[in-house]
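Shown next, in structure tokens, is the structure this report addresses.
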Amino acid sequence: MCECARCREVFTTLGAFDRHQETRYGGRPAVICHDPAERGLVCNRAGRWHFPATDRSRERLAKMRALQAGG
């Protein structure tokens, strides 16, 4: 998990965290936080932002769960 020190939003991955922030080296302010929803992220029940699931990620998760269940 990644928590943004600037806006206090919590993200499930570093990639999702990076998606919401813009860094302007030498600019003021140097870091700009964008609304995660406007950047294509979705919020889960725990209040953490993440990328939306795709068919490929759902398939991969189903395979992992089947392996853990012994199938």
**Request:** Give the residues of the stretch 1-41 that are assigned to a strand (DSSP E or B) and free of Cβ contacts under 8 Å to residues at least 24 places away in the same chain, sorted by residue number.
**Result:** 2, 3, 21, 22, 23, 32
**Asked** Restricting the search to the stretch 25-46, which residues are exposed (fewer than 13 other Cβ atoms within 10 Å of the Cβ) and in contact with a strand residue (DSSP E or B) (Cβ under 7 Å, 6 or more places away or on another chain)?
**Response** 30, 44
**Request:** Mind listing just one residue for me: the one in the stretch 47-71 that is touching a residue at least 24 places away in the same chain (Cβ under 8 Å) and assigned to a loop (DSSP other than H, G, I, E, B) and, of those, surrounded by the most Cβ atoms within 10 Å (Cβ to Cβ)?
**Result:** 51
**Request:** Considering only the stretch 1-31, state which residues are of a type in the set (Val, Ile, Thr) and at pLDDT below 95.
**Result:** 23, 31
**Request:** Could you check residue 68 against (1) within 17 Å of the chain's Cα centre (by Cα); (2) modelled with pLDDT under 95 and say which number it fails?
**Result:** (1)
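Among the residues of the stretch 12-53 satisfying the criterion of being of a type in the set (S, T, N, Q) and under 14 Å from the mean Cα position of the chain (by Cα), which is farthest from residue 1 (Cα to Cα)? I'd like the intermediate steps shown before the answer.
Taking the stretch 12-53 first, the residues of a type in the set (S, T, N, Q) are 12-13, 21, 23, 44.
Next, only the ones that are under 14 Å from the mean Cα position of the chain (by Cα) stay: 12-13, 21, 44.
Numbers: 12: 5, 13: 6, 21: 15, 44: 13 Å.
Result: 21.
The values are calculated or read from the model by the stated rules, or taken from the named source; none is laboratory data. The model shown is predicted, which means the values in this text are computed figures rather than measured ones. So basically every Cβ, Gly included, is an ideal-geometry build from the backbone, and we count neighbours across all protein chains shown.
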